[in-house]
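The values are calculated or read from the model by the stated rules, or taken from the named source; none is laboratory data. As the structure is a prediction and not an experimental result, all values here were calculated from the model. Every residue, glycine as well, gets a Cβ built from its backbone with ideal geometry; the counts of neighbours run over all protein chains shown. Just so you know, the surface numbers come from the protein's heavy atoms only, side chains and all, with ligands and any DNA or RNA stripped out. Shrake-Rupley method; radii C 1.70, N 1.55, O 1.52, S 1.80 Å.
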Number of protein chains: 2
Amino acid sequence: MAINAENVKSQMRKGYLEYCILLIIAKKPMYVSDIITELKEAQLIVVEGTLYPLLSRLKSSGILAYQWQESLQGPPRKYYELTDDGRQFLAELEEGWEEIKNVVELIKNKNI
Amino acid sequence: MAINAENVKSQMRKGYLEYCILLIIAKKPMYVSDIITELKEAQLIVVEGTLYPLLSRLKSSGILAYQWQESLQGPPRKYYELTDDGRQFLAELEEGWEEIKNVVELIKNKNI
DNA sequence: AATAAATACCTTGCGATACAAGGTACTAAA
DNA sequence: TTTAGTACCTTGTATCGCAAGGTATTTATT
């Protein structure tokens, strides 16, 4: 119920997490651990419990597809990649992100 | 369940809505209709059902305070303003926002 | 051969919150 | 007295990140 800065920062993250994940997968096919590592390098901490359901949703929406791939150490991995629809979708998110940056700038600069 | 661009854009908006509202109130005390108008001018559409609970939460968290003020037409209005804690809080959100912009830039620019 | 460790995958339950829809109350004009 | 306009607020629904816990496969150790 109570509001604190961490809480709100976490809310902020919700919004653009999907965008960041698609940006990462767009570069090359990746499986969950890869993605988490990439995000962590960009200072964005995400856990498995967040990522698996999200990837499943993106898959059933036709934005991502995956291929099983053998691993040298341990069980096989699901490598996710963008579909054509997914690239279209990512382009729309790109627009959305630019819009949001614009909105914040507009509000900040008004009456200054 | 299905994911579409509008859905995700709406998710994105959730994250920074609180930030935008505080930016607006920081300039001068405002009541709900004022705030909605300001947001709309910046292309951010928000409805009453979103705003009232949000302002209540911010008030009970000590981030906002309000004063009743007579109106020339109709019932009195609640004018919200930032408390000292609220200004501190807004400063933290400012940091959070800069961090997020950084993360996205980092991810975009990596391996290009 | 049996066990343990490492590495994958996934699900369940919870809390937070935007939004649609609906409700209450006050003021002023018809 | 009724209607219109303008405030305020609440309830119910859907979504989603995250903590916690569970299952399966491979490899190393005993």
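On the given criteria, is B:Lys110 free of Cβ contacts under 8 Å to residues at least 60 places away in the same chain, within 11 Å of another protein chain (Cβ to nearest Cβ) and not β-branched (Val, Ile, Thr)? Spelling it out, B:Lys110 is indeed free of Cβ contacts under 8 Å to residues at least 60 places away in the same chain, within 11 Å of another protein chain (Cβ to nearest Cβ) and not β-branched (Val, Ile, Thr). Within the stretch A:1-45, the residues that satisfy the criterion of being among the β-branched types (Val, Ile, Thr) and either without any contact (Cβ under 8 Å) to a residue 12 or more places away in the chain or within 7 Å of another protein chain (Cβ to nearest Cβ) (or both) are A:Ile3, A:Val8, A:Ile24, A:Thr37, A:Ile45.
Checked against (1) within 13 Å of DNA strand C (Cβ to nearest atom); (2) within 13 Å of the chain's Cα centre (by Cα); (3) among the charged types (D, E, K, R), A:Glu70 passes all but condition (2). Considering each of B:Glu48, B:Glu99 in turn, give the residue that is open to solvent by 70 Å² or more (accessible area, probe 1.4 Å), of a type in the set (Asp, Glu) and within 14 Å of another protein chain (Cβ to nearest Cβ). B:Glu99 is the lone residue from the list that is open to solvent by 70 Å² or more (accessible area, probe 1.4 Å), of a type in the set (Asp, Glu) and within 14 Å of another protein chain (Cβ to nearest Cβ). In the stretch A:56-75, the residues that are within 14 Å of another protein chain (Cβ to nearest Cβ) and open to solvent by less than 80 Å² (accessible area, probe 1.4 Å) reach residues that are within 12 Å of DNA strand D (Cβ to nearest atom) and part of a loop (DSSP other than H, G, I, E, B) with C-beta atoms within less than 8 angstrom, at least six apart or across chains, in these pairs: A:Leu58/B:Ile3; A:Ser61/B:Ala2; A:Ser61/B:Ile3; A:Ser61/B:Asn4; A:Ile63/B:Ile3. Entry remark, the stretch B:3-57: residues being of a type in the set (D, E, K, R) and under 23 Å from B:Gly74 (Cα atoms) number 5 in total.
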